[in-house]
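Structure first, commentary second.
Each value in this text was obtained by applying a stated rule to the coordinates, not by laboratory testing. Here the structure is a predicted model, which means the values were calculated and not measured. Here the Cβ positions follow ideal geometry from the backbone for every residue, glycine too, while neighbour counts run over all protein chains shown.
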Amino acid sequence: MLVPLRPPTDSTNHYTFGLIGDDVIVPLFLCRSLTTAMAAVARLLFRVTGSKASTAHVNSGAPGVLGTSLLSLSPKCSSKLQTQKKHASHFTYHPDPVPTMYGPTTKMNLFQSVTSALDNTLGSDPTAVIFGEDVAFGGVFRCTVGLRDKYGKDRIFNTPLCEQGIVGFGIGAAAAGATAIAEIQFADYIYPAFDQIVNEAAKYRYRSGNLFDCGNLTIRAPWGCVGHGSLYHSQSPEAFFAHCPGIKIVIPRGPVQCKGLLLSCIEDHNPCIFFEPKILYRAAVEQVPTEAYTIPLSQAEVLQEGSDVTLIAWGTQVHVLKEVVNMAQEKLGVSCELIDLQTILPWDTETVCKSVAKTGRLLISHEAPVTGGFAAEISSTVQEECFLNLEAPIARVCGCQEVDQLLISIYSAPRSNLSEDFTANRSYYFPSHCPYLEK
């Protein structure tokens, strides 16, 4: 039975629902998000081996047994979920080990690591300027808090609510020699600036024969779903820009990567789009170096080595697949190799293809809709480069192929329920009708 577990709060802004089964209450948004990729991994293995073993325990849709089946599937799903932290999410965040190569560290969440990176840049580069909607008082996510007081109103300033103007100004400032850091308040609002990014920033260097460029432009934007963002605060638009040569696209998975990759984007001599997973702004906390450091762009990171299947994700979805890796090992005996792509364009084909050549199987997961998503580009490249190494069709586990509705916004990330007719050569998304909600 579907029941409300708790009313909206300042942090969640929506009811949290759960299923009652076998005397255990399981928050639905958490349980649903873990087993989509888990079921996909199982099907990949079963398809290759010819096994007809049932995966009903993975993707059972019966409300009466879902609680028990998911509890048996994941050791993290327990009665402790009733006292879960107030920030609703579809994953459990596991911080990376404390980095030791960049000097002293301090505890930061993701938005504080952004602030630290911007502070380092402003302190070391007198030409650096930050601009966007509401950045002067700290921004809606507080990423620029305190910087105007420290560096002055001429270097951190508000703009009109005009994304095309924000990016256009940034192109001009960068072409004039400034280090321009533009903020788009939400990635969902970046589309009015599409022409400036694709037809101006990306092509500036080429059309002038490298006489001038805007390579010092970095565009930041909060990105991805949060569970209550609905139409205009939940989108993942990286694939729209991945089609365009001349720009770089980067998405971090946590505070340590966020600071290092953001500083790399700012220092890079090409215009960069830096998408920040907004659900991680406060949920992700790590020990982050206080001094400036960089992490190489276009270099994927192998988070866990494995031998049976390669899993690829970026941003928030990395943490969902971390759970899947543990579940697959414990329940199926499947060894998963997990890769964080980090840079979407240009992406690290060498690391990915090397992994797939070893495992013979590939599953890609992202929050954006499946049709035309960047998983399709990865899938095509791997199929061309590693065809003789593949032992199963490549699988994609992606977001809804529909508008993110507020009523079911908690399901906007890749789903946990997978239909029984799953075959490994099919892509999956959340259907237009939620089986747990009445029309």
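Observations, loosely collected:
- Prolate/oblate/rounded call for the stretch 125-183, Cα gyration tensor, a/c under 1.5 rounded: oblate
- Put a dot 7 Å past the Cα of Thr92, heading toward its Cβ, do the same for Cys162, and the two dots end up 5.0 nm apart.
- Subtracting the Cα-Cα distance of Asp154 and Glu350 from their residue separation scaled by 0.36 nm leaves 66.2 nm.
- For Leu362, distant residues with modelled amide H under 5 Å away: Thr310, Ala395
- Amide H contacts of Gln235 (H built 1.01 Å from N, in plane; Pro and chain starts excluded): Asp188, Gly224 sit under 5 Å, all sequence-distant by 5 or more or on other chains.
- With the simple spin-label model, which puts each label point 7 Å out from Cα in the Cβ direction, the Phe212 to Lys358 separation comes to 4.8 nm.
- Contour excess over end-to-end distance, with Cα ends at Gln304 and Lys203 and 0.36 nm allotted per residue: 32.6 nm
- Straight-distance crosslink candidates among aspartates and glutamates, where the alpha carbon sits under 17 Å from Lys259 and sequence neighbours closer than 8 are dropped: Asp96, Asp119, Asp125, Glu183, Glu267, Asp268, Glu276, Glu286, Glu291, Glu301, Asp340
- Spin-label model, Glu267 to Thr290: label points 7 Å out along the Cα-to-beta-carbon direction sit 2.0 nm apart.
- Taking a quarter of the surface of the Cα convex hull of the stretch 146-301 gives a mean projected area of 10.0 nm².
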